[in-house]
Each structure stands twice: as C-alpha cells, then as structure tokens.
1. Which percent, nearest 5, of DSSP beta bridges in the chain are antiparallel?
2. What whole-number value in Å² describes the accessible area per residue of the range 1-41 for a 1.4 Å probe?
3. Please give the helix 173-185 orientation as an angle from the longest Cα principal axis of the chain, in degrees from 0 to 90, rounded to the nearest 10.
4. From the square roots a ≥ b ≥ c of the eigenvalues of the alpha-carbon gyration tensor of the chain, which class results: rounded (a/c under 1.5), prolate (a/b over b/c), or oblate?
5. Taking Lys221 as the anchor, which lysines have their alpha carbon closer than 25 Å to its alpha carbon, excluding any fewer than eight residues away along the same chain?
6. Share of the chain's accessible area from carbon and sulfur, percent, 1.4 Å?
7. In terms of the Cα gyration tensor, with a ≥ b ≥ c the square roots of its eigenvalues, is the range 82-132 rounded because a/c is under 1.5, prolate because a/b exceeds b/c, or oblate?
Amino acid sequence: MDTDVEPAPETVESLVALVLEHGALVSVWPYQRFERFYEHLALAFNMIVIGSLGSFSIFKIKPMGAYGPVIAVEREKYESVNGYAAFNDGMLEDIKLGKLFLQKGYSVENYLGGNLIKFRMYPQGLKQLFEGFTKNMALGAGSLGPMFLLVFLWMVGLYSAMGNAFPLNYIFYYPLFVVQIYLVSRKTGDYTFWDALFYPVHFLLFLIVFFVSLYKVIFVKKVEWKGRKIRV
C-alpha cells in the first residue's frame, strides 16, 4: 500500500476477503480526494488508466496488469513469482507485476476504491502532477495492449467532439461526452459537473503531457521524478 493511501478501518478486512474469495492478486485504484483546484486536472489521466485496465467495462475482461497504489496477495504466490524483485528498472512495476501473475497462471482482480480507499495523487503542486504523469504515460500506453486501443478510439471521438462543438450538425456529440464523462468520473474522484463540461481543458493537458513523455522516452531516454533522473 502506497504511503499516500488513506484506508478506511474495514479496508484490510475487505481486501483479505477478496483475496480469499478469488484466490487472486487483488489491486485497487483509490478514489481521488481533492483539496486544491489543480488536482482536478488529473481527470483525463484517471479515466485513461482505469479504462485501459478494464474497470469501466460492463463485460468481464481479462486485465492487462494491476493497479499500483494498493495490492493484496497471498505471500506464497507473491514469493513464487519473485515479486517486485523480478523488476529492476523502477518503471511501471504495477502493470508488470500484474502481467507476471497472469503469465504464471494466477488471476488478477482490479477494483476502484470507492469509500474504502482514497488518496491525493499529487498534493505537492502542478509540477509534481506533470512530472508524475510524464514519467508513466508513454511507457504505460505501450504496455496495456488491446484495451488501450479501445480507449484510444474513444479518445478520437472525444477530441473530434471538441473540435466540432460549434457546427450545428455536430453539436449533439459534445453534450453526450459531457454526460458520459460526468457519470463515469464521479466513481473515480471528487470530480464535478464542471469538470465534465470543460473536459477539453483536462484532455488538452493530457495531450501535452503525452507528447512530452513520448519525446523524453524516444529522444532523451530519461524522465525526472522527485529530483531524480530515471533512464527509460
């Protein structure tokens, strides 16, 4: 469990029950709690991460990895795959650990935190938020497999609605995305209707971060995080 996670009193009991019920690695993406305005800008990243791992799907989809903030698993199974010691690059360990469990024939169950598990993702400011998502975005996009393609196609429609919001023959697309984003985002954090209405602001920031991340991965070969330079 990451140090910034805020568990409810019954969280551990619930996690243990899920592990025993499914005999699986159980991971949780916490509900995002806000105290400052800039934290709302994580909306696009939140939705894309969660959508790429299948948590928004109405169908039972085999996950492509696990969420990193909270993971519960039986010790015997964790040690049998060598746990986090199997990775030494410090990048995207959560996705890699989930994939490793799946490769070894174990099941992985991913959940949203709801009222049981919450956190503030980047409480130290907009710079921390930008660096955090830059560190993971391009690498994460390439490691999530087919589900990311579906999320990408959804985003094509989303950006198309942004660009065609004013011609009358396209105007109805925009409110449809607003309603969809509002209904889904409420499950992931303290997002409001205004976040959904002005979703282009959030998703334009996502584009900037994505291309900066792509540039650093392809050309610079390094990303910065908490004052450290990490080779990728």
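The values are calculated or read from the model by the stated rules, or taken from the named source; none is laboratory data. Because the structure is a prediction, the values reported are computed rather than measured. Note: areas computed on protein heavy atoms with side chains; ligands, DNA, RNA excluded. Shrake-Rupley method; radii C 1.70, N 1.55, O 1.52, S 1.80 Å.
1. On the way: 10 of 18 bridges.
Approximately 55 percent, going by the DSSP bridge assignments.
2. Values: 2270 Å² over 41 residues.
For the range 1-41, the per-residue accessible area is 55 Å².
3. Result, in degrees: 30.
4. Details: a/c = 1.64, a/b = 1.39, b/c = 1.18.
Prolate, since a/c reaches 1.5 and a/b exceeds b/c.
5. Partners within reach: Lys96, Lys99, Lys127, Lys135, Lys229.
6. Working: 7850 of 12500 Å².
The value for the chain is 63 percent carbon and sulfur by accessible area.
7. Values: a/c = 3.47, a/b = 1.46, b/c = 2.37.
It comes out oblate by the Cα gyration axes.
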